[in-house]
Amino acid sequence: MTTHDGGKTWHPVSGKATTGWRSLACYDTENGFVAGSMGRYTTMAGGELQEAFAGASGLRGVSDVTIATDMRGWLVGDGGLLLKTENAGISWNQAEGDVPRVLRDVMDFRAVAAIGDSVWIAGQPGSVVWHSNDDGKTWTGQPTGHTAPIESLAFSSATHGVAVGALGCILQTSDGGATWESMRGSNRRAALLAIHAHENHVSLNLMTKYAGELGYRTVTTVAARRDVGPDADEGRLLDLRLHEAVTTAGGNSGAVDWAFPIAAPGLDRDQTELVREWQMLTDNHLRETMLARLVCQLSTWRPEVIVIDDPARDDAATTLLFDAVRLAVQQAADPNQHAELRAELQLPAWEVKRMFRRLPPGSEGPVRLDAYEFLPRYGKALSMAAVESYQQLSPNNVTKGQRETYVTVPLKTPDESDEQTPRDFFAGLVLTPGGEARRELTSINDDILADAQRLAQQQRNFASYASRMLDDQRQAAQLVAQTADIIGGAPDDQAAVQLFNLADEYRERGDWENAEAVLVELTERYPDEPTTIEAMEWLLRLWSSEEVCWQRLRNSTSVQKSRFESDDPIKPATLVEEIETNPEPVIQQTSVGGQVMIGGAADQNTVRRE
């Protein structure tokens, strides 16, 4: 998009529409250079986007580009990618000098700035800004005293510049980067780092509760990318969607690692083939590369708690990742491990306090995440608070609307450990609101608390009641006719979600007609809700299906209200009364010393009324 009036109006740039662009540098109003994932690039000439080309950087993507009016420019990206141009991006070459090669496996550049012959580059980790004052012939590391990733650099002169990055951190320099002063977010770090092999395993329920509700700074990483191979189109925007989903839930960062692709269907379930593929991509240094990247992540974010998925028997990607993360946690705490890397990046050792694994659905564990737990700051149940963030990711997410259980992963030998199994991720850990790993907590609106709790209770009861009825074909059909009475008191956004979830239950049981009926009601009653868009898409696919059309013509049937009729119908008043008066509690919430105890257990986290 281009603007000629300071952003009041925008106009699309002509040219072939493509996705995956991550950076744009213009050296005048009509000409520039565009680059993005896997090194793809193109030029903008005369205000028109030219044909895109595949770069020579392999899996490494381009994160930032700068081009000056004299046509000199710089390009940076994943895996220490650093290139220079003398002709506004027509050709790119290695700089005469280079940053230390030990950084190539772990340093992902995110930002570049240039003033004349002076160039600065930075990224993840943000502990060092690399500077050249001779147009790239030599490079010097400039420590920042700050480890979180730097996302952008801007210099107004060869001496004055600003760096901004993750966790809301802002740094400035007045001596060309020789020293950096923190202006905002000094020493901020993550309280929790979740690492997954698959994007559909990301728990946005966890992010919503611990980041959005309780203020813990959280980061999510997906270790395996899926934007290569036959399914490349589906994963091409995953990095943007993941970050948007995590931040919508209250988290601080969501990222997809570039180094380990799942390039073929089923590869993530075949450990032998997966190891062979990743060994080839890392020049037979898979173990060293994966551990170095993980250790660097841990030292960058400095989390108290790590969360990872329990590896299923046929999940080779999660199995490899689980073993690597556990070993990386040990190495990150040992200053003698990766000593050369630590010295170049100015990264101290970091000790993770706890590691948890998420158990398969239906399992029991000491740490539980209830989808219908009431969150007083959101004023709604967890599943309702997390809806918007889940809409950013795959609809096949295995944690959406589900009860989750976690168990600790031992990080020490039994003789070394004297800690009892905690019943919460942060039980016994002191992370003060407003501190380096936790935001200030917002106040709770007491005026709406009672009504909001009552609604959350009804939603839980409805879900429980519906799950019992849906396995009985007659009652399942009758339930559809009573939904209006059950959800009538809920706000439109939550009522729409309830209907969509009910339709999902029908679809999981192969009951397409009842699913259709519920989604039709959803679109008619709540046409303006975001959830309705997904409902409309499903209905369109259903109604345009040749097989569905053939089946209905063959049976001479159609969706009619009469199918809900029964000699023994459910009485609306009885159903509503049971849902409203079901004794099953939504949460155990008590007040002790002016504090609201989430979950009711004495060792769980508390949130202070403000």
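Read-outs: derived from the displayed coordinates by stated rules, not from any lab. Predicted model only: the values in this text are computed from it and were never measured. FYI the Cβ positions are ideal-geometry reconstructions off the backbone, even for glycines, and counts take in every protein chain you see.
Structural remarks
- Among the trypsin sites (Lys or Arg not before Pro) within the range 5-90, those in coil by DSSP and having at most 16 neighbouring Cβ atoms inside 10 Å are Lys8, Lys16.
- For the chain, convex hull volume per residue from C-alpha positions, Å³: 187
- Note on the range 16-65: the C-alpha convex hull projects to 3.2 nm² when averaged across all orientations.
- Estimated vicinal HN-Hα couplings, Hz - the range 149-158 in sequence order (Karplus 6.51, -1.76, 1.60; Gly, Pro = x): x, 9, 9, 7, 10, 8, 10, 8, 7, 6
- Size descriptors for the range 21-184 (Cα atoms only): Rg and Dmax, in that order, 14.9, 43 Å.
- Summing Lys and Arg as +1 and Asp and Glu as -1 over all other residues whose Cβ lies under 9 Å from the Cβ of Ala52 gives a net charge of +1.
- Neighbour cut-off at most 13 other Cβ (10 Å), DSSP loop, trypsin sites (Lys or Arg not before Pro), the range 121-224: Lys137
- In plain terms, the residue of His285, His196 with the fewest other Cβ atoms within 10 Å comes first and the most crowded comes last, giving His285, His196.
- Residue-averaged [θ]222 nm for the chain, counting only DSSP H segments that reach four residues, each worth -39500 (n - 2.57): -9000 deg cm²/dmol
- The alpha-carbon of Lys137 sits under 17 angstrom from the alpha-carbons of these aspartates and glutamates, leaving out residues fewer than 8 places away in its chain: Glu86, Glu96, Asp98, Asp117.
- For Arg110, the amide hydrogen comes within under 5 Å of the amide hydrogens of Ala122, Gly123, Gln124, counting only partners 5 or more places away or on other chains and with H modelled in the peptide plane.
- What the Cα convex hull of the range 192-408 gives, in volume per residue, is 117 Å³.
- Footprinting exposure proxy for Cys296, Cys169, Cys26 (fewest neighbouring C-beta atoms within 10 Å first): Cys26, Cys169, Cys296
- Panel order for Leu192, Leu431, by other beta carbons found within 10 Å of each beta carbon, from fewest to most: Leu431, Leu192.
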